[in-house]
Amino acid sequence: MNQDEKLNIIKDILLTDEREFVSAIEKKIKILENTVNKKENLSVKVDPIIETKLNEFVKEIPETLGPTITEALKTEIKNSQDAVVEALYPILGKMIKRYVQHEMKLLSERINNQVNKTFSFKRFFRRAKSKASGINESELILQEQTNAKIEQIIIIEKGSGLLLAEYSKNKMADEDMVAGMLTAIKSFVEDAFKKESQNLQYIEYDLYHIHIQNFSSFYIAVVVSGAYNVIFKDQLEDKLFEFADKEKIVKHLKNKSLLSKKIEDFFKNDSI
Amino acid sequence: MTVSKKIVLIGHFGVGKTSLIRRFVENTFSEDYKVTIGVHISKKTITIPEGEQISLIIWDLEGQDDIKKTRPSYLLGTNGFIYVFDLSRPVTFQDLNSELSFLKENYPKIPVKVVGNKMDLVNKIYLKEHQTIFEPHVDYFVSAKTGSKVEKLFSKLAEDLI
Ligand SMILES: Nc1nc2c(ncn2[C@@H]2O[C@H](COP(=O)(O)OP(=O)(O)OP(=O)(O)O)[C@@H](O)[C@H]2O)c(=O)[nH]1
Ligand SMILES: [Mg+2]
C-alpha cells in the first residue's frame with residue numbers, strides 16, 4: 001500500500017463516517033420533525049408525561065386547591081343562604097321526619113305492649129259493634145282509618161299571609177281570608193309559645209282538621225275532613241315533601257295559576 | 001290576573017278601625033262598640049283607574065295605646081298601612097309624631113295613610129285649633145258613620161301599591 005492508497009482509505013473512512021453521521025442526524029431530525037408536526041405522533045410521546053403530571057396534580061388538589069374551593073363554597077353558601085335553605089328544606093324535612101319516626105316507632109311499640117295488656121276500650125267497643133252489625137272486626141278497623149279526605153290545599157306566604165296558590169275539591173270559605181286568618185292564628189300561637197322557634201302544625205276548626213306543613217318562606221295548609229290520624233298525617237307529610245321537592249315549588253311561588261294547577265295535578269287523584 | 005295586597009289598620013282602641021273597614025267592605029255602620037280581639041281579616045276586590053283588579057286583604061288589628069305593643073308578626077309582609085286616630089279624642093293623637101316615626105323607622109318603604117276618623121263629631125273651628133298636629137301628617141279626615149272619604153282612602157292607597 002502506497003502513500004496515496006493509504007490516504008484514500010483514510011479519506012474513505014472519514015468521509016463515509018461523515019456522510020453516515022450526517023445522514024444519521026438527518027434521519028433523527030426527520031423523525032423529530034415528524035413527531036413534532038404530527039399531533040398523534042407527538043401525543044404518543046407526550047401523553048404519558050402529561051398523564052403522570054395530571055395524576056400528581058389530582059393527588060395534590062386536596063392540599064393545594066382544596067382549601068380555596070372550600071372557602072369559595074362557604075362564601076357562596078353564605079351569600080345565598082335563602083336559596084340553600086329553600087333547596088334543602090324538603091330534604092331536611094324528610095330526614096328529620098325519618099329519624100323522629102323511627103324513635104316514635106320504638107316508643108309506641110313499647111307503649112303498645114303495655115296498652116294491649118292493660119286495657120282497650122276501643123277494642124271492646126269495636127267487638128261489640130262487630131257483633132251487632134255483623135261486619136268483621138278488621139274491616140271496622142279499616143273503616144276507622146279510611147275516612148280522611150283532603151278538602152282544600154292552600155299555599156301561603158309566611159309573614160304576609162297572602163295566598164300563593166289554592167286547590168279545593170269543594171269550594172269552602174274564601175281562600176284569601178282563610179290564608180290570612182290561618183297566618184294570624186299561626187303567628188299568635190307561635191309568638192305565645194316562643195320557647196324555641198316552634199312551628200304550629202295543626203289546627204282543629206269546626207269539623208275540619210287543618211294540617212300545616214312549614215317550609216322556609218311559605219307554608220302549606222291542608223284542610224282535611226274525616227279521621228285525621230297518625231297514619232294519615234304521616235302519608236300526607238310524605239306526599240307534601242315529595243310535592244315540594246319534585247314540583248320545584250320554590251321556583252313557582254310567583255305564579256299563582258301554574259302553582260295551583262300543579263297542586264291539582266298532584267293531589268286530585270287520591271284521597272291523599 | 002288579580003294581585004293581592006295586605007293592608008293593615010292600626011291605632012288606639014275605639015278609634016273606628018273596624019267601623020272603617022265595615023263601611024268600606026259592606027257599606028254598613030253600627031253605633032255598637034265591639035272590641036276587636038286579635039285580628040280580623042276581610043277582603044275586597046276593587047278596580048283602580050288603570051283598569052287593574054286588586055284584592056285588598058285587610059287586617060283589622062286590636063287597638064293599642066302604644067304602637068310598639070303591636071305584635072310584630074302581624075305586621076310582616078304588609079303592603080300598606082292605615083293609621084287611624086279619633087278626631088274627637090286627643091288622647092288618640094297626642095303621640096302621633098312618635099307613633100308615625102315608629103312606622104317610618106321599622107317599615108321605611110311601606111306607604112302609610114294617616115286618617116282622622118269621626119269627622120262627623122267635630123267642626124271646622126276644632127280642626128283649626130289642632131292644625132299644628134294634623135296638618136303635617138293627616139292624609140284624610142274621614143267618617144265611618146257618614147262614609148265620607150272612606151272609599152277614597154282605600155282606593156288611593158290601592159293605587160299607591162301598584
Ligand atoms: N260618630 C262616629 N262614631 C264612630 C265612627 N267610627 C266609629 N265610631 C264608633 O266608635 C266606636 C269604636 O269603633 P270601632 O270601629 O269598634 O273601633 P276600633 O278602632 O275597631 O276599636 P278596637 O277594635 O277596640 O281597637 C263604635 O261605637 C263606633 O260606632 C265615626 O266615624 N263616627
Ligand atoms: Mg276593632
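The values are calculated or read from the model by the stated rules, or taken from the named source; none is laboratory data. Worth saying up front: this structure is predicted, and the values here are computed from it rather than measured. Here Cβ is always computed from backbone atoms with ideal geometry, including for glycine, and neighbour counts include all displayed protein chains. Accessible surface areas use protein heavy atoms only, side chains included; no ligands, DNA or RNA. Shrake-Rupley method; radii C 1.70, N 1.55, O 1.52, S 1.80 Å.
Pull out a ≥ b ≥ c, the square roots of the eigenvalues of the alpha-carbon gyration tensor of region B:19-86, then state rounded if a/c is under 1.5, prolate if not and a/b is larger than b/c, and oblate in the remaining case. Oblate shape, in that a/c is at least 1.5 and b/c is the bigger or equal ratio. Note on B:Ser101 and B:Leu161: with the Förster distance fixed at 30 Å, the Cβ-Cβ geometry gives a FRET efficiency of about 0.85. Under a Gaussian network description of chain B, with springs only between Cα atoms under 10 Å, the residue in B:Lys124, B:Lys149, B:Lys44 that fluctuates furthest is B:Lys124. Springs between Cα atoms under 10 Å define the GNM used for chain B, and in it the highest mean-square fluctuation of B:Thr28, B:Thr132, B:Thr45 occurs at B:Thr132. What does the C-alpha gyration tensor say about the overall shape of chain B? Classify as rounded when a/c is under 1.5, otherwise prolate if a/b is larger than b/c, or oblate. Because its axes are fairly even, with a/c under 1.5, chain B counts as rounded.
Averaged over the residues of B:77-85, the number of partner chain Cβ atoms lying within 10 Å of the residue Cβ comes to 1.
Against the criterion of solvent-accessible heavy-atom surface with a 1.4 angstrom probe, B:Arg23, B:Arg71, B:Arg89 sort, most first, into B:Arg89, B:Arg71, B:Arg23.
With the simple model of a label 7 Å out from the Cα in the direction of the Cβ, A:Lys6 to A:Val46 spans 5.5 nm. For peptide A:171-179, the mean count of partner chain Cβ atoms within 10 Å of a residue's Cβ comes to 3.
Between the amide H of A:Glu166 and those of A:Ile155, A:Ser260, distances stay under 5 Å, these residues lying 5 or more places away or on another chain, with hydrogens modeled in the peptide plane. Spacing of the modelled spin labels on A:Ile61 and B:Thr146, each 7 Å from Cα toward Cβ, amounts to 7.9 nm.
Taking label positions 7 Å along the Cα-Cβ direction at both B:Thr132 and A:Asp191, the computed distance is 3.5 nm, reported to one decimal.
Over all other residues within a Cβ to Cβ distance under 14 Å of A:Phe57, the charged ones net out to -2, with Lys and Arg as +1 and Asp and Glu as -1. Computed from Cα atoms, the angle from the helix B:150-161 axis to the main principal axis of chain B rounds to 50 degrees.
Per-residue accessible area (protein heavy atoms, 1.4 Å probe) orders A:Val84, A:Val224 as A:Val84, A:Val224, starting from the largest. Among bridges DSSP assigns within region B:2-161, what percent are antiparallel (round to 5)? DSSP beta bridges in region B:2-161 are roughly 30 percent antiparallel.
Note: relative contact order over region B:16-160, using C-alpha pairs below 8 Å and six or more positions apart, is 26 percent. Per residue of peptide B:139-148, the mean number of Cβ atoms on other chains within 10 Å of the residue Cβ is 0. Mean-square fluctuations from a GNM of chain B, with a 10 angstrom spring cutoff on Cα atoms, peak among B:Asn117, B:Asn106, B:Asn27 at B:Asn106. Here B:Glu26 and A:Thr75 are evaluated by their C-beta separation; at R0 = 60 Å the FRET efficiency comes out at 0.65. By the Kirkwood approach, averaging reciprocal distances over each pair of separate Cα atoms, region A:150-267 gets a hydrodynamic radius of 14.4 Å.
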